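Heads up: the structure comes next, in structure tokens.
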């Protein structure tokens, strides 16, 4: 173990990763488990992708929660889910959720409802007050 790895230890901690079904979120989940996490809760919008992601991690070390992080009520539910699954609230939260529909059309041509969804998930989902509390 090198000094960087030693500094990154999360032994016994419960972790929650938004955007955890793929990309940086899933890579982060793997890194946290390698660094000693007791378990990870993966959060994403797509239940099918979530199930596949959890299946790629060590057995018994991942739980999944399908939901939209742009919704405050969903944020409370995912924290409660993690607490119910692991016996304590998440101690490490990694915010990787983001949608990229904004890049599929020029900004001037983007429908208002698409822009609103991108802002809600990418920005509002990252500022939730619920990541640090369970009630």
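The values are calculated or read from the model by the stated rules, or taken from the named source; none is laboratory data. Remember, predicted model here, so these are calculated numbers, not experimental data. Neighbour counts are summed over all protein chains in view; Cβ atoms, including those assigned to glycine, are modelled from backbone coordinates with ideal geometry.
What to note about this one:
- Test set (1) under 14 Å from residue 16 (Cα atoms); (2) modelled with pLDDT of 95 or more; (3) not in a helix (DSSP H, G or I) - residue 60 fails condition number: (1)
- Per-region count, region 44-57, residues crowded, with 17+ Cβ neighbours inside 10 Å, in contact with a strand residue (DSSP E or B) (Cβ under 8 Å, 6 or more places away or on another chain) and not in a loop (DSSP other than H, G, I, E, B): 4
- Counting the residues of region 20-43 that are crowded, with 23+ Cβ neighbours inside 10 Å and modelled with pLDDT under 95 gives 0.
- Members of region 106-135 that are modelled with pLDDT under 65 and over 15 Å from residue 96 (Cβ atoms): 129, 130, 132, 133, 134, 135
- Meets criteria (closer than 28 Å to residue 11 by Cβ, at pLDDT 95 or above and either assigned to a strand (DSSP E or B) or touching a strand residue (DSSP E or B) at 6+ places or on another chain (Cβ under 8 Å) (or both)) for residue 89: no
- Subset tally (residues that are farther than 19 Å from residue 10 by Cβ and touching a residue at least 24 places away in the same chain (Cβ under 8 Å)) for region 54-63: 1
- Verdict on residue 16 being part of a helix (DSSP H, G or I), surrounded by 15 or more Cβ atoms within 10 Å (Cβ to Cβ) and at pLDDT 95 or above: no
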